[in-house]
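> The following block contains the structure, expressed as structure tokens.
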Amino acid sequence: MNRFDRYMLSQFMTLFGFFALVLVSVYWVNRAVVLFDRLIGDGQSVFVFFEFTAMTLPNVIKLVLPIAVFAAACYGTSRQMADSELTVMQATGFSPWRLARPVFTFGLFIALMMTVLANYLVPLSLDRLDTREREIAENATARLLTEGVFMHPNEHVTFYISEITPEGVLKNLFMYDQSSEDQTLIYSADEAYLLRDENGPKLIMVDGVAQVLTEDGLRLYTTNFGDFTYDISEFLNYHSNRLKALERTPTLELWQEPRRLAAVLAWQVRETEPDLNGMGWVQAERHGRIAAVTMCVISALVGFATLLLGGFSRLGVWPQTIAAFGLLVILEAMKNALVSAVRLEPNLWPSLYLPTVLGGAIVALMLASRAYVLPSFRRANA
């Protein structure tokens with residue numbers, strides 16, 4: 001890289017750092033307010049809040065990275081055009097293709113950052129976050145382990161235990177559940193046990209009675225059971241989204257065991273999403289990570305090429321900036337629509353790279369127009 005390339009690259013990287021910091025801060029503040037209210041309201045310490053915040057940062061950075069690289073390319077290009085730097089370089093013989101080289105290099109640097117984030121840091125942080133949420137939910141069960149006291153985990157549930165043995169057996173359990181509007185559930189059991197599960201803690205009741213009181217006909221149904229499993233994660237505010245499990249899956253595993261992951265995902269959500277295509281979700285996730293990397297380069301080039309196409313103007317480059325932003329929005333909307341299509345039909349996975357190809361073609365057309373069409377038009381009218 002010559003001195004001019006290093007100068008442009010340093011300008012873009014500095015602006016990228018500024019825009020990324022601002023965008024991450026704004027997004028983080030909005031998320032942190034909700035996170036702080038939920039964690040502190042559940043009795044967690046400030047340390048847990050900062051721990052959760054740190055684990056959500058990689059995903060936040062991944063979301064704002066394409067916007068930050070686009071904003072840096074647009075602002076850097078407009079400032080260099082206002083200072084006539086690009087005009088001087090074009091006068092010395094630099095073609096638009098040559099001027100785009102440091103922008104392309106800048107996009108590659110950000111694409112490398114996105115590669116690390118999308119394929120390593122984000123899955124690792126989300127997996128750790130899900131684990132910590134599960135641990136906190138399991139620790140919250142300690143609030144239920146109080147002898148001889150009627151407890152209320154939420155406004156719809158009443159919980160009572162008469163005795164807890166040294167082995168952890170819950171004696172003479174009673175639970176009143178009015179979560180449903182149609183019926184009231186009352187459980188009583190001689191013994192109960194708490195069981196840890198990847199989807200949250202479960203309560204195993206042994207030798208008990210389940211009573212169901214319907215609200216419409218005021219009828220009472222009674223059922224004796226030998227053992228019964230009740231998911232208490234519902235009123236401990238723990239919900240592990242199985243559709244987001246792929247986001248926590250390492251990229252290498254997505255490519256090595258796609259069919260197994262698709263089968264597991266389809267089985268886990270069979271009750272809520274019976275028509276879900278597991279292989280489509282796997283294809284969308286693994287190819288979507290690669291497409292997100294390539295879009296970083298396209299975002300930088302779209303901002304540069306659109307502003308360069310307008311040339312120097314004392315009135316500013318706001319029309320070109322708005323056009324560049326509109327083009328980026330169209331490409332991002334197309335990417336999101338294609339992700340939904342691939343989730344329904346796995347064989348459409350090549351279409352996920354269509355925004356990258358289309359964006360690259362538009363950039364090449366704009367640079368070619370600036371290099372060949374506009375100079376010829378001006379000479380013909382001179």
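The values are calculated or read from the model by the stated rules, or taken from the named source; none is laboratory data. Please read all numbers here as calculations on a predicted model, not as lab measurements. Heads up, the Cβs are rebuilt from the backbone with ideal geometry, glycines too, and the neighbour counts pull from every protein chain shown. To get the accessible areas, we keep the full protein, side chains included, count just its heavy atoms, and leave off ligands, DNA and RNA. Shrake-Rupley method; radii C 1.70, N 1.55, O 1.52, S 1.80 Å.
> Restricting to Cα pairs below 8 Å that are 6+ residues apart, what does the relative contact order work out to for segment 46-153? Please round to a whole percent.
46
> Can you return the lysines within cross-link range of Lys202? Criterion is Cα-Cα under 28 Å, with same-chain partners fewer than 8 residues away left out.
Partners found: Lys171, Lys244.
> Subtract the Cα-Cα distance of Asn30 and Ser179 from 0.36 nm times their separation in residues, and report this length gain in nm to one decimal.
50.6 nm
> Phe104 to Glu215: FRET efficiency via 1/(1 + (r/R0)^6), r the Cβ-Cβ distance, R0 51 Å, to the nearest 0.05?
Calculated transfer efficiency: 0.20.
> Beta carbons within 10 angstrom, averaged per residue: use that to sort the peptides 274-280, 73-79, 254-260, highest first.
Order by mean packing, descending: 73-79, 274-280, 254-260.
> Counting only protein chains, not ligands or nucleic acids, how are Trp318, Trp281, Trp267 ordered by accessible area (probe 1.4 Å), most first?
Ranking Trp318, Trp281, Trp267 by accessible area, largest first, yields Trp318, Trp267, Trp281.
> Just grab the label-to-label distance for Phe18 and Arg3, each label 7 Å out from Cα along the Cβ direction, in nm (one decimal).
2.4
> Starting from the Cα-Cα distance between Leu121 and Glu167, subtract it from 0.36 nm times their residue separation and give me the gain in nm to one decimal.
Between Leu121 and Glu167, full extension yields an extra 12.5 nm.
> A further question on this structure: Which peptide among 357-365, 176-184 comes first, and what is the full order, when sorted by highest mean count of other Cβ atoms within 10 Å?
357-365, 176-184
> Still on this model: Arranged from highest to lowest average of other beta-carbon atoms within 10 Å per residue, in what order do the peptides 63-71, 146-154, 186-194, 332-340 appear?
Details: 63-71: 22.4, 146-154: 12.1, 186-194: 18.2, 332-340: 15.3.
Ranking the peptides 63-71, 146-154, 186-194, 332-340 by packing returns 63-71, 186-194, 332-340, 146-154.
> When we measure straight from the Cα of Lys335, which aspartates and glutamates land under 19 angstrom away, once same-chain ones fewer than 8 places off are left out?
Glu247, Glu285, Glu345
> What full-extension length gain, to one decimal in nm, is calculated for Ser10 and Trp255 as 0.36 nm per residue of separation minus the Cα-Cα distance?
Additional length available on full extension: 84.6 nm.
> First measure r as the distance between the Cβ atoms of Phe50 and Trp318, then evaluate 1/(1 + (r/R0)^6) with R0 = 51 Å and state the FRET efficiency to the nearest 0.05.
Calculated value: 0.80.
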